[in-house]
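For reference, the structure is listed below as structure tokens.
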Amino acid sequence: MAGSDGTKLPGTGRPAWPATELGARTVSGIVLGLLVLGATLNGGWIFAVVWFLAGLAVVGEWLAITRTAPHRPLLAVAGLVLLAVVAGARLAAPLPWLVGTAVLGLGLLALLAKPTLGRVWAPASLASALVVALVPVLLRDDPRIGLAGPLWLFGVVWTTDIAAYFTGRSLGGPKLWPAVSPKKTWSGFCGGLIGATIVGGAVAAGARHLGATDALSLPLACALSGLASVMSQGGDLAESALKRAYGAKDSGRLIPGHGGVMDRLDGFFAVALLAGLLLVGLSLTGHP
């Protein structure tokens with residue numbers, strides 16, 4: 001059984017769970033989860049504002065980590081573009097207008113950013129923020145998907161994170177990619193994958209039970225949830241690689257026990273990207 005003082009577990013050589021870290025992580029996670037779920041159930045503009053703010057925080061933290069300047073002008077431009085696209089999506093603006101606004105914003109950031117590498121990081125930060133902010137809103141507002149879409153998204157990402165954390169801390173074992181993230185293990189990876197597959201399938205089954213005829217079949221939902229879990233953990237590793245390259249431990253200090261907003265949304269970005277591509281595919285194939 002794990003101790004709570006940070007000492008090593010007998011016979012394992014692995015550190016026990018620090019009570020303060022786990023407590024802060026748990027409390028802040030519960031509070032954030034309740035806020036997000038409340039906004040999700042409400043939908044509408046409240047939900048859109050929550051994700052706009054999350055996207056804006058992603059841009060700010062990304063610019064800070066990569067030391068891309070000038071910080072405030074870049075953040076202001078990104079914020080205006082993000083606001084225009086998210087609001088436009090809620091108001092059913094034409095797709096060419098949304099795409100044009102996003103492309104214009106990406107180009108402006110590339111022109112304004114310094115140093116040279118910042119011309120890559122600045123538009124990359126906005127592109128990530130657009131995925132993070134836009135996909136949940138599009139899913140929630142889509143009459144074919146509605147509430148089930150965001151709930152699947154959150155369920156898969158949160159379960160991956162929680163199951164991977166506790167499985168990895170409990171079982172230990174070979175490291176997943178020690179050069180990038182020394183604490184992540186293969187046991188944690190498998191725990192997250194299994195947990196997310198079960199929860200994702202349960203969300204789809206629940207949606208069907210409640211009468212959502214467009215809900216995915218159970219086998220397809222489980223397969224998609226497993227893929228999403230792998231992508232979520234890949235997004236986590238990608239953010240870890242970015243932070244390591246710039247000598248940053250966390251993306252920020254906004255969330256006690258978790259770090260910054262990017263630290264919570266790294267895996268979410270990858271799964272939201274997958275969901276967004278699926279949504280585009282449905283639209284292109286004329287799915288009713």
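The values are calculated or read from the model by the stated rules, or taken from the named source; none is laboratory data. In this text, all values refer to a predicted model and were calculated from it rather than measured experimentally. Please note: Cβ atoms are built from the backbone with ideal geometry, for glycine as well, and neighbour counts cover all protein chains shown.
Please pick out the residue among 123, 143 that is within 21 Å of residue 274 (Cα to Cα) and surrounded by fewer than 19 Cβ atoms within 10 Å (Cβ to Cβ). Talk me through it step by step, then tell me what you get.
Values: 123 fails: surrounded by fewer than 19 Cβ atoms within 10 Å (Cβ to Cβ).
None of the other options fit; the residue is 143.
Against the test of being surrounded by fewer than 16 Cβ atoms within 10 Å (Cβ to Cβ) and assigned to a loop (DSSP other than H, G, I, E, B), the options 173, 206 yield a single qualifying residue, 173.
Just one of the listed residues (110, 148, 124) is out of contact with any strand residue (DSSP E or B) (no Cβ under 8 Å at 6 or more places or on another chain) and in the same structural domain as residue 207 (by TED's automatic domain parsing), and it is 148. For the stretch 229-258, a residue qualifies if it is among the small types (Gly, Ala, Ser) and more than 14 Å from the chain's Cα centre (by Cα), and the qualifying residues are 241, 245, 247, 248, 252, 257. Selection within the stretch 184-200: residues that are out of contact with any strand residue (DSSP E or B) (no Cβ under 8 Å at 6 or more places or on another chain) and not hydrophobic (A, V, I, L, M, F, W, C). The member of this set that is nearest to residue 147 (Cα to Cα) is 200. Out of all the residues in the stretch 68-85, is one or more of a type outside the set (Val, Ile, Thr), crowded, with 22+ Cβ neighbours inside 10 Å and part of a loop (DSSP other than H, G, I, E, B)? Looking through the stretch 68-85, none of the residues is of a type outside the set (Val, Ile, Thr), crowded, with 22+ Cβ neighbours inside 10 Å and part of a loop (DSSP other than H, G, I, E, B).
Quick one: is residue 184 buried (at least 20 other Cβ atoms within 10 Å of the Cβ), out of contact with any Cys (no Cβ under 7 Å at 6 or more places or on another chain) and not in a helix (DSSP H, G or I)?
Values: buried (at least 20 other Cβ atoms within 10 Å of the Cβ): yes; out of contact with any Cys (no Cβ under 7 Å at 6 or more places or on another chain): yes; not in a helix (DSSP H, G or I): yes.
Considered against the rule, which asks whether it is buried (at least 20 other Cβ atoms within 10 Å of the Cβ), out of contact with any Cys (no Cβ under 7 Å at 6 or more places or on another chain) and not in a helix (DSSP H, G or I), residue 184 comes out as yes.
In summary, residue 216 fulfils each of the numbered conditions (1) hydrophobic (A, V, I, L, M, F, W, C); (2) in a helix (DSSP H, G or I); (3) crowded, with 18+ Cβ neighbours inside 10 Å with the single exception of condition (2). Scanning the stretch 103-113 for residues that are in contact with a helix residue (DSSP H, G or I) (Cβ under 9 Å, 6 or more places away or on another chain) and surrounded by fewer than 21 Cβ atoms within 10 Å (Cβ to Cβ) yields 104, 106, 107, 108, 110, 111, 112. Looking only at residues in the stretch 86-127 that are assigned to a helix (DSSP H, G or I) and hydroxyl-bearing (Ser, Thr, Tyr), the one that is farthest from residue 52 (Cα to Cα) is 101.
Would you say residue 94 is modelled with pLDDT under 95, exposed (fewer than 14 other Cβ atoms within 10 Å of the Cβ) and outside the structural domain of residue 241 (by TED's automatic domain parsing)?
Considered against the rule, which asks whether it is modelled with pLDDT under 95, exposed (fewer than 14 other Cβ atoms within 10 Å of the Cβ) and outside the structural domain of residue 241 (by TED's automatic domain parsing), residue 94 comes out as yes.
Can you confirm whether the stretch 221-228 contains a residue that is under 19 Å from the mean Cα position of the chain (by Cα), in a helix (DSSP H, G or I) and among the polar types (S, T, N, Q)? Looking through the stretch 221-228, at least one residue is under 19 Å from the mean Cα position of the chain (by Cα), in a helix (DSSP H, G or I) and among the polar types (S, T, N, Q).
Do we find that residue 137 is under 22 Å from residue 277 (Cβ atoms), of a type in the set (A, V, I, L, M), in contact with a Lys or Arg (Cβ under 9 Å, 6 or more places away or on another chain) and in a helix (DSSP H, G or I) in this structure? Spelling it out, residue 137 is indeed under 22 Å from residue 277 (Cβ atoms), of a type in the set (A, V, I, L, M), in contact with a Lys or Arg (Cβ under 9 Å, 6 or more places away or on another chain) and in a helix (DSSP H, G or I).
Specify the residue that is modelled with the highest pLDDT; the eligible residues are those in the stretch 254-265 that are assigned to a loop (DSSP other than H, G, I, E, B) and within 12 Å of residue 57 (Cβ to Cβ). Among them, the one singled out is 260. The set of residues in the stretch 187-201 that are surrounded by 18 or more Cβ atoms within 10 Å (Cβ to Cβ) and either among the aliphatic types (A, V, I, L, M) or assigned to a loop (DSSP other than H, G, I, E, B) (or both) comprises 193, 196, 199. Filter the stretch 33-52 down to the residues that are surrounded by 14 or more Cβ atoms within 10 Å (Cβ to Cβ) and within 16 Å of the chain's Cα centre (by Cα) and list them by number. Within the stretch 33-52, 36, 40, 47, 48, 50, 51, 52 qualify.
Tell me which residues, restricted to the stretch 15-49, are at pLDDT 50 or above and not in a helix (DSSP H, G or I). Of everything in the stretch 15-49, those that are at pLDDT 50 or above and not in a helix (DSSP H, G or I) turn out to be 18, 43.
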